[in-house]
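Everything below concerns the one structure shown next.
The values are calculated or read from the model by the stated rules, or taken from the named source; none is laboratory data. Here the structure is a predicted model, which is why all the values come from computation and not from measurement. Ideal geometry is used to build each Cβ from the backbone, glycine not excepted, and the neighbour counts take in all protein chains shown.
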């Protein structure tokens, strides 16, 4: 390979990694928007899923990807979409009753739940590495609890959101091998939107939830839906054609880091936490980052 060709290859790889990290920043910015948007978590997620479905539909049509799926797979994805809706609702509620830093710090424990849910649902044995990493993450969560007792509700809802996210990832894994990830997300957005619509109709609170929405809220919801959801999901699909799944997962693990940093820049003192919080969060993040590396590098015995 010539020098110029080598330089072009390196530049292309750099652009791909830069694009990937830009997307991860967008994912972290999702939490910021959750704090800025004034309406409650349920209508926020309802509108997010509606507009995100539109954005993904446009992307699929632009790419010439057929949107038809067998009814059985559609129903499967609609149900997973309900799970995604619950995960987002608990996530945004956690932000609204605590703050961005607490929510993202605890939410990084998704790896803990995934490591135990996957063996149970996929019917495989548990790796002792997963148990070890899980115990370390629990220690980090315990430290956050110890030092941030005023945010107990936010911590609990963030833990629930992390559990639902881990469950979503595991359930999505099998079907993602058969269909385009953007197409899967499209049907899941429809399922979640439909599920919340039914809930709001039965509860009779649809107009009440939307009555307090401002024009600024709507603009930020459109940014959340089209940029941080439709675009981010579709872009990751394209990036994974060039980069390894390991590289993508490792970068996505930076979402809490970027989100907490952005929150401190935007909200200032309201996001300043105790030293114990940062130690606990650091323990969780180090565990999350070390897990894929250790799993890839070494072979561990199973129970």
State yes or no: is residue 120 modelled with pLDDT of 80 or more and either part of a helix (DSSP H, G or I) or buried (at least 24 other Cβ atoms within 10 Å of the Cβ) (or both)? no
Give me a count of the residues in region 192-237 that are closer than 19 Å to residue 180 by Cβ and loosely packed, with under 15 Cβ neighbours inside 10 Å. 0
Among residues of region 142-158 being touching a helix residue (DSSP H, G or I) at 6+ places or on another chain (Cβ under 6 Å) and at pLDDT 85 or above, the residue farthest from residue 83 (Cα to Cα) is 151
Every residue in region 258-279 that is farther than 11 Å from residue 101 by Cβ and either in contact (Cβ under 8 Å) with a residue 24 or more places away in the chain or surrounded by 15 or more Cβ atoms within 10 Å (Cβ to Cβ) (or both), please. 258, 266, 275, 276, 279
Just to be sure before I move on: is residue 171 surrounded by fewer than 21 Cβ atoms within 10 Å (Cβ to Cβ), under 20 Å from the mean Cα position of the chain (by Cα), assigned to a helix (DSSP H, G or I) and modelled with pLDDT under 90 in the structure I sent? yes
